[in-house]
Amino acid sequence: MKKAFLVLLVLGLFISCQIKKEQSHFLDVKIQDLESRSFGGQKLTLEFEKDLEALGIYTFATFAETKDHFIVVENEELVIRYLNKSDLTVQKVFKIEKGRGPKELEYIMAFDASDDFIALADNNLLKIILFDHQGNLINEFSTKRKPFRLNVSSDRSLNLLFIYYIDEADSTFLFNLNEFGEVNFAFEKENYAEMHPFSTNGTIKTIKDTLYYVGGYDPYIKKYVDGVKSYSRATIDNHDSSLNYITVISNDSRSTSLSPAAIFSSRDFDVKKGSIFVIPYSNGDNDFSFIDVYASKDGSYIKSFRTIDVPDKINVYEEERSILTIEKVGELEKPVFRKYSY
């Protein structure tokens, strides 16, 4: 009996160690061992194309999907446009006053929307402002750091990605706040001591209690549930991001900057239907016209879709198998909406 118990104990310890080992490895997978992208099977079919300038949109930041609309925010002009989801015609517009006072902004660094309200972040004023969809102020509050990305969660809380500075190497850069600006929780800390200050300048998307982060300069996909990291997975390009940075020395000061040869990891992404749709870096290469698809469960690469031109922004339709992109066309890089089915 004792012998059987010891055998079971040793077996249990072995299985436990193996699970911990696999989980530990899974949390920091640095490569996806693929030689090339997979374009087989399904293809994107263009449904329609629409010129942004024809809609009066010239300085767009990004766009978000609600139940009834696509919302496009112009970061410099402070204009918010609501577009019909079927044909992208403008349904309504409201403009935020420019300034430093109540209900005013200077520059929209980030925004997101739910069916109840929109949230906008100004990293000049260190300010978050919330409006309902009629343009009425809900709340505004200040932040201690510069906001870089913002997401609205289904419980009306806000996930904020702040700009990371080199003297904050031991701190988190992601926080969940309520709509009054109070911190609900900080996301899991990571060691940034050996990273460059641009390493956290990615993009975030929130679905219920889950946040996805895709790197802007470093090729990582990360998933957090209630602020705890589930995985960190390198994208399939997995380029050497150390070549992105240079150290500038001036008198007694040193600073880190992007090198002229910097390669962006991703431009934008969306998460729908169990998949992460990522626009990979293009680095000015016009042949880099595609969207990579990863499994949201574990970050593993699935396939790629070719687009007509290099996409800059992406939104995957919630209710149908369609993708909306903003692509830059021709030598003048004129921005157009393109809707694809897949």
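Overview of values
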quantity: Any hit, the range 314-323, residues being buried (at least 21 other Cβ atoms within 10 Å of the Cβ), more than 14 Å from the chain's Cα centre (by Cα) and either of a type in the set (Val, Ile, Thr) or closer than 30 Å to residue 87 by Cβ (or both); calculated: yes
quantity: Cross-chain or 6+ apart pairs with Cβ under 6 Å, the range 187-212 first and closer than 15 Å to residue 233 by Cα and of a type in the set (Phe, Trp, Tyr), then modelled with pLDDT of 80 or more and outside any loop (DSSP other than H, G, I, E, B); calculated: 212/205; 212/223; 212/271
quantity: Matching residues in the range 107-153 - criterion: being assigned to a strand (DSSP E or B) and among the acidic types (Asp, Glu); calculated: 112, 122, 132, 140
quantity: Among the candidates 47, 97, 77, residue that is within 17 Å of residue 339 (Cα to Cα), in contact with a strand residue (DSSP E or B) (Cβ under 9 Å, 6 or more places away or on another chain) and either at pLDDT 85 or above or surrounded by fewer than 10 Cβ atoms within 10 Å (Cβ to Cβ) (or both); calculated: 47
quantity: Qualifying residue in the range 282-301 (condition: in contact with a helix residue (DSSP H, G or I) (Cβ under 8 Å, 6 or more places away or on another chain) and on the phi < 0 side of the Ramachandran plot); calculated: yes
quantity: Given (1) part of a strand (DSSP E or B); (2) closer than 22 Å to residue 66 by Cβ, index of the condition residue 318 fails; calculated: (1)
quantity: Qualifying position, being surrounded by 18 or more Cβ atoms within 10 Å (Cβ to Cβ), under 22 Å from residue 185 (Cα atoms) and charged (D, E, K, R), among 127, 144; calculated: 127
quantity: Within the range 294-315, tally of residues that are in a loop (DSSP other than H, G, I, E, B), small (Gly, Ala, Ser) and touching a Gly at 6+ places or on another chain (Cβ under 9 Å); calculated: 1
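The values are calculated or read from the model by the stated rules, or taken from the named source; none is laboratory data. These figures come from a predicted structure and were not determined experimentally. For neighbour counting, all protein chains shown are included, and Cβ atoms are generated from backbone atoms with ideal geometry for every residue, glycine included.
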